[in-house]
């Protein structure tokens, strides 16, 4: 085959590719069912269980949460709860930080890497920003704040908690709020706001608007959704809205005689 023939074949092949041909065919059709080897079975290997299969029986989380009469009992219930695969990939459970019974309870989304290592919520860079934000209106986790998350275990890679995971741990979170008995509840970010308020609206629409939740034991608690500090680190321009929300919280606490700020 000379060079001109080779160039002609290449040009013909290019034209077929341009026309959408994506496999080679013989001049005559081939019956591939003749003398076909028997199908091979894939070796039996244990399949990974989907999260739904790892979930506990319906109502198990709710029953465990309802049976906790104190915060320590709730912590123990969560420690023993094996209904989520998150506990297998996390280093430790993150339950709470701050002062139990404090007037202001802050609920975040889920532990990050720093929280996973230390076993406390809001201790990373975003937690340091949160401390400075509340300090600007005279509040600290050493005296007036109690902090928790929707999820007690870190999702792998710090991913956003899924809807099924949030639903699974919601009974524990609601019981946590009821036992902590805060005077005001601050929901930091999309996940806690949507979970406790039962809405699909995003935090940009919810933030700064006072609402309320009723706990399972009948407490009615004022709620203020705000931006998560991690969001503020990524979007510094939103700090103006965050400052307005902090001032709104300060007025609410002062007018209600809850905290002398």
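We did not get these values from a lab; they are worked out from the coordinates using the rules stated. All figures in this text were calculated on a predicted structure; none of them were measured in a lab. Backbone-built Cβ (ideal geometry, glycine too); neighbour counts: all protein chains shown.
Equivalent ellipsoid of region 204-261: semi-axes from √(5λ) of the C-alpha gyration tensor, largest first, are 24, 16, 8 Å. Computed over region 141-225, the quotient of the alpha carbon radius of gyration and 2.2 N^0.38 Å is 1.07.
How would you rank 185-195, 164-174, highest first, on the average number of other Cβ atoms within 10 Å across their residues?
Highest mean packing first, the order is 185-195, 164-174.
Listed from fewest to most Cβ neighbours within 10 Å, the set 126, 136 follows the order 136, 126. Gap in Å between the Cα centre of region 57-111 and the Cα centre of region 176-252? Each part's Cα centre sits 20 Å from the other's.
Residue order for 125, 259, fewest other beta carbons within 10 angstrom first, comes to 125, 259.
In terms of other Cβ atoms within 10 Å, 133, 105 run from fewest to most in the order 133, 105. With no solvent and one point per C-alpha, what does the Debye sum give as log10 I(q)/I(0) for region 57-254 at q = 0.11, 0.15 Å⁻¹? Once normalised to I(0) and log-transformed, intensities are -0.44, -0.87.
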